[in-house]
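The values are calculated or read from the model by the stated rules, or taken from the named source; none is laboratory data. This structure is a prediction, so every number in the text was calculated from the model and none was measured. We place every Cβ from the backbone using ideal geometry, glycine too, and count neighbours over all the protein chains shown. Each accessible area value is taken on the protein alone, full model and side chains, heavy atoms only, with ligands, DNA and RNA left out. Shrake-Rupley method; radii C 1.70, N 1.55, O 1.52, S 1.80 Å.
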Amino acid sequence: MAISRRKFINMLTVGSTACLALLSPITSWAAWASDAFNATSPDDAYKNLFGSTDTVDSDEVKLKVPKIAENGGAVPVSVKTNLKDVESITIFVKDNPQPLTATFQISAKTIPDISTRIRLAQTSTVTAVIKADGKLYSKSQEVKVTIGGCGG
Amino acid sequence: MKVKAKAKNNITSVRVLAKHPMETGRRIDKESGEKIPAKYIQELTCEHEGNVVFVAQLGTSVSKNPYLAFSFEGGKKGDALQLRWNDNTGDVAKVEAKIK
Amino acid sequence: MNLLSKAATTLLLISLTSVSYATPEQDKETFQSFYTERFPDISKADFGDGVYALDQDARDQWEAMNDFPPYEDNLEEGEILFSTPFENGKNYASCFENGGENIRQNYPKFDSKRNMVVTLELAINECRINNDEEPLPYKKGDIAKISAYMASTSEGSEINIATPTSKAELAAYDAGKQYFYSKRGQLNFSCANCHIQNVGRKARSETLSPALGHPTHFPVYRMKWESFGTLQRRFDTCNKQVRAEPLPGQSEAYRNLEYFMTYMSNGLPVNGPASRK
Amino acid sequence: MKLKALALILIIGLFCTSANATTAADAEKSIQSAQNLWDKTKLAGHEWNTIKPLVAQAKQSLDNKKYAVAIELANKATQQAKLALIQAEHEKTNWLNNLPK
């Protein structure tokens with residue numbers, strides 16, 4: 001699905017920015033990986049998104065998450081890599097109701113270095129998966145979520 | 001949508017904050033006792049001179065008022081960026097930002 | 001009463017007074033050096049960052065959040081509220097020295113005419129009343145937004161509360177001091193128990209922040225509140241946490257406490273508004 | 001007379017766990033004394049937030065004619081208020097022990 005999406009964008013961007021108007025919600029919707037996002041287990045999400053659960057744990061995937069979340073509602077996450085030919089960066093939260101959190105398509109011009117803020121329903125392992133040259137590389141780390149808070 | 005974009009050494013770094021509730025569809029309204037319907041951004045894109053330089057697909061685990069930071073090769077001070085998101089209900093927001 | 005017991009009482013009183021009535025300046029010295037000795041690696045100004053001065057993991061997240069501070073919109077609203085004229089054509093600027101800009105560091109002030117402590121929020125409401133406007137509710141909402149905007153114009157200015165010297169000033173200062181060090185609530189904790197004796201340690205999963213620098217960064221935008229709150233709103237939370245009943249906003253006890261605490265942080269730069277979890 | 005006796009029996013039956021029959025007046029008295037001590041804690045500047053809900057619950061029980069429960073709650077409130085007053089008295093001098101050295 002991701003590939004057809006990219007082809008479609010390439011087709012579009014051959015033209016000018018005037019084509020932007022053509023990016024109607026319907027076409028974008030079609031590209032959104034709904035099966036993978038709706039999956040309730042990490043394995044199902046992997047299968048739907050990558051067609052495989054075969055990942056290699058790699059230090060090339062630089063994942064930065066806190067050890068203890070200040071705020072489970074907005075946990076900063078950064079992922080970057082020096083790997084070549086990166087196609088996508090994807091973030092999973094193992095114990096969230098829907099583990100697939102976000103997936104970023106990395107074009108030839110995009111630097112494989114992204115940051116976002118995610119929700120953790122509870123203490124969970126956060127995993128970043130980088131697809132590069134057709135292979136899946138991953139890195140995981142646990143983030144603790146605590147209840148309460150003085151927040152002085 | 002708030003955008004901060006800076007160019008340095010032929011690399012443009014972009015930070016975006018999209019104002020959006022990111023309702024998961026699982027939350028219960030405390031007063032009515034009913035589920036608040038899901039409303040979340042599914043896709044956010046950024047274009048520079050007609051090229052898509054960033055595509056993010058998001059789910060309900062992304063925090064309220066999604067924050068995204070990314071960078072791409074090319075771009076210079078004064079260039080325009082077109083950012084756009086659409087959510088699961090079909091709402092769309094577009095903004096043009098200048099690289100500083 | 002016989003002479004002996006009279007003498008004993010007098011002696012007791014003298015000994016008590018000599019402890020409790022160290023001069024405010026001596027108090028401040030002891031207070032500040034307690035923290036600088038306890039945390040020799042932290043510069044004095046950085047105590048204004050609270051827990052984020054002590055915990056790098058938390059600080060990294062806080063700094064990431066500050067890329068687009070969660071209070072940005074509220075702060076902008078505060079600026080608009082501050083500069084919108086009253087019905088009589090006057091505005092907040094007309095009530096304050098320097099048009100209300102860069103004055104946060106001077107509050108709370110002791111008003112010698114009325115013999116009372118005036119906090120910035122109290123002054124904001126008095127400005128409204130003097131201009132025939134309804135006072136705003138304390139602790140949160142518009143008053144906190146206005147106060148946040150005013151604080152932002154003082155960024156980097158050092159807290160500069162005049163040293164209490166007159167009898168009335170000292171009485172207010174001592175009342176604030178006693179409040180700070182008195183155990184209260186069912187859990188029997190004083191402010192000092194957590195924020196001096198146990199500073200940097202954990203209460204459940206939370207690191208206890210230093211009291212030095214507490215007043216520098218208010219109003220604070222808390223993720224938990226999803227809004228700004230004044231220092232006195234924070235007093236409420238602390239009181240509830242030790243199971244004491246909070247006091248009304250701008251009550252005498254709270255104003256005196258704010259006066260004492262802010263004087264203890266004299267010399268630290270204003271760095272409010274700030275965000276907290 | 002007969003009716004009153006019946007009522008008494010009914011009440012005793014309702015609160016068969018307590019030895020003595022309790023009346024609205026007893027409950028009101030307990031609540032009033034809790035209230036008085038509660039007011040004293042406010043004056044002393046050492047009000048605990050545990051007292052207010054207990055008094056409110058006691059009043060609620062009184063309204064619901066659950067007098068024994070009302071008294072029990074009022075007594076709890078009184079106990080909390082007494083402790084708060086002991087704390088206030090103690091802290092009049094002992095707050096000085098908390099000063100940084």
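Report yes if D:Leu73 is out of contact with any Gly (no Cβ under 9 Å at 6 or more places or on another chain), facing chain C (nearest Cβ under 8 Å) and assigned to a helix (DSSP H, G or I), otherwise no.
no
Taking strands (runs of 3 or more DSSP E) that do not extend beyond region B:1-65, which have at least 2 residues that are hydroxyl-bearing (Ser, Thr, Tyr) and open to solvent by less than 40 Å² (accessible area, probe 1.4 Å)?
Fully inside region B:1-65 and qualifying: nothing.
Looking only at helices (runs of 4 or more DSSP H) that lie completely in region C:15-88, which have at least 2 residues being within 14 Å of chain A (Cβ to nearest Cβ)?
Values: elements: C:24-38, C:56-65, C:72-83.
In region C:15-88, C:56-65 are the helices (runs of 4 or more DSSP H) which contain 2 or more residues that are within 14 Å of chain A (Cβ to nearest Cβ).
Please find, within region C:148-166, the residue that is nearest to C:Gly89 (Cα to Cα) out of those that are of a type outside the set (Ser, Thr, Tyr) and assigned to a loop (DSSP other than H, G, I, E, B). Give the derivation first.
So the first thing to find is which residues in region C:148-166 are of a type outside the set (Ser, Thr, Tyr), and the list is C:148, C:150-151, C:155-156, C:158-162, C:164.
In the following step, the residues that additionally are assigned to a loop (DSSP other than H, G, I, E, B) were identified as C:155-156, C:159-162, C:164.
Values: C:Glu155: 28, C:Gly156: 32, C:Ile159: 32, C:Asn160: 32, C:Ile161: 32, C:Ala162: 33, C:Pro164: 36 Å.
The extreme case among them is C:Glu155.
Do we find that A:Ala69 is crowded, with 20+ Cβ neighbours inside 10 Å and either touching a helix residue (DSSP H, G or I) at 6+ places or on another chain (Cβ under 7 Å) or within 19 Å of B:Asn65 (Cα to Cα) (or both) in this structure?
The answer is yes for A:Ala69.
Check off (1) open to solvent by 10 Å² or more (accessible area, probe 1.4 Å); (2) assigned to a helix (DSSP H, G or I) for A:Phe37 and give me the number that stays unchecked.
Condition (1) is where A:Phe37 drops out.
One line per residue, one yes/no per condition, for (1) among the aliphatic types (A, V, I, L, M); (2) modelled with pLDDT of 95 or more; (3) more than 25 Å from C:Asn198 (Cβ to Cβ); (4) exposed (fewer than 14 other Cβ atoms within 10 Å of the Cβ):
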position: D:Ala21; (1), (2), (3), (4): yes, no, yes, no
position: D:Lys29; (1), (2), (3), (4): no, yes, yes, yes
position: D:Gln35; (1), (2), (3), (4): no, yes, yes, no
position: D:Asn49; (1), (2), (3), (4): no, yes, no, no
position: D:Ala74; (1), (2), (3), (4): yes, yes, yes, no
position: D:Leu83; (1), (2), (3), (4): yes, yes, no, no
position: D:Ile86; (1), (2), (3), (4): yes, yes, no, yes
position: D:Pro100; (1), (2), (3), (4): no, no, no, no
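Quick one: in region A:113-124, which of the residues that are over 19 Å from B:Glu43 (Cα atoms) and open to solvent by 40 Å² or more (accessible area, probe 1.4 Å) is modelled with the lowest pLDDT?
Let us first name the residues in region A:113-124 that are over 19 Å from B:Glu43 (Cα atoms), namely A:120-124.
Filter again for open to solvent by 40 Å² or more (accessible area, probe 1.4 Å), leaving A:121-123.
Details: A:Ala121: 88, A:Gln122: 92, A:Thr123: 95.
Going through the qualifying residues, I end up with A:Ala121.
One line per residue, one yes/no per condition, for (1) open to solvent by 30 Å² or more (accessible area, probe 1.4 Å); (2) free of Cβ contacts under 8 Å to residues at least 60 places away in the same chain; (3) touching a Lys or Arg at 6+ places or on another chain (Cβ under 9 Å):
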position: A:Val61; (1), (2), (3): no, no, yes
position: A:Pro76; (1), (2), (3): no, yes, yes
position: A:Thr81; (1), (2), (3): no, yes, yes
position: A:Ile91; (1), (2), (3): no, yes, no
position: A:Asp133; (1), (2), (3): yes, yes, yes
position: A:Thr146; (1), (2), (3): yes, no, yes
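A quick yes/no check of all residues on (1) free of Cβ contacts under 8 Å to residues at least 40 places away in the same chain; (2) open to solvent by 50 Å² or more (accessible area, probe 1.4 Å); (3) in the same structural domain as C:Leu247 (by TED's automatic domain parsing); (4) not in a loop (DSSP other than H, G, I, E, B):
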{"site": "C:Glu126", "(1), (2), (3), (4)": "yes, no, no, yes"}
{"site": "C:Asp132", "(1), (2), (3), (4)": "no, yes, no, no"}
{"site": "C:Leu136", "(1), (2), (3), (4)": "yes, no, no, no"}
{"site": "C:Ile146", "(1), (2), (3), (4)": "no, no, no, yes"}
{"site": "C:Ala168", "(1), (2), (3), (4)": "no, no, yes, yes"}
{"site": "C:Ala171", "(1), (2), (3), (4)": "yes, yes, yes, yes"}
{"site": "C:Gly176", "(1), (2), (3), (4)": "no, no, yes, yes"}
